[in-house]
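Q: Before we start, here is the structure in question, set down as structure tokens.
FYI, it's all coordinate maths here, none of it is from the lab. These figures come from a predicted structure and were not determined experimentally. Cβ coordinates were reconstructed from backbone atoms using ideal geometry, including for glycine residues, and neighbour counts include every protein chain displayed.
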Amino acid sequence: MAPINIIYISLEGNTRAFLNQLSEYAKQQHTFNADNPLITTKEISDQTIPAKEEKPFFVFVPTYLTGGNGIDSGYTEIMTNALGEYIADGNNAAMCLGVVGSGNRNFNEQYCLTARMYAHRFNAPFLADYELRGTSRDAERIYAILKKRWAEFN
């Protein structure tokens, strides 16, 4: 099976750390059974030049908002704009199979709101969430979700 492609942004290193953990888990699963896909990642930053994505991918995005409470008094996405612009470029959004969000549960209704907004904006399902750097159980759970959805398209 082809590797699972993930595009992400990591501002404080939490998303990158979780994806490292998720990639390691995928390697272990692949070792046990070669039908379990590996994971490839592509980090987007303000310096990333837009490119045409040729293969389907998942998006991992942390939550960074300002202004209002994000529910009934508005919100403004901050700091993840480079990722949103990258996905919006050309036909990339059509290749997005789903969005996974992270955040801090202390922010209540704003928890993973950026990912939910990305899912809406790019007409892709919100697949899963995890808090901050995630746990090994999060990696196992999210890998299963990605693997199932990936198999539907490969």
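Q: Give the peptides 5-17, 91-103 in descending order of average Cβ contacts within 10 Å, highest first. Each step should come with its number before you reach the end.
A: Details: 5-17: 18.6, 91-103: 20.2.
Answer by packing, highest mean first, reads 91-103, 5-17.
Q: Follow-up question, since we're still on this one. Restricting to DSSP H runs of at least four residues, report the calculated mean residue ellipticity at 222 nm for the chain, -39500 (n - 2.57) per run over all residues, nearest 500 deg cm²/dmol.
A: Counting only the DSSP helices, I get -11000 deg cm²/dmol.
Q: Helix by helix, which DSSP H runs in the chain go 15 Å or more along their axis at the Cα atoms and have an average Kyte-Doolittle hydropathy of 1.6 or more?
A: Helices meeting the span and hydropathy rule in the chain: none at all.
Q: How far apart, in nm, are two points set 7 Å out from the Cα along the Cα-to-Cβ line at ARG105 and at ALA144?
A: A separation of 1.8 nm, rounded to one decimal place.
Q: If you don't mind, another one. Calculate the all-directions average of the projected area of region 4-153's alpha-carbon convex hull, and give it in nm². Provide the component values of the computation, followed by the final result.
A: Details: hull surface 34.5 nm².
Its Cα hull, projected and averaged over all orientations, spans 8.6 nm².
Q: Can you list the lysines whose alpha carbon sits under 18 Å from that of LYS55, skipping same-chain ones fewer than 8 residues off?
A: LYS42, LYS147, LYS148
Q: If the chain between LYS55 and ALA151 were fully stretched, how many nm would it gain, using 0.36 nm times the residue separation less the Cα-Cα distance?
A: 33.2 nm
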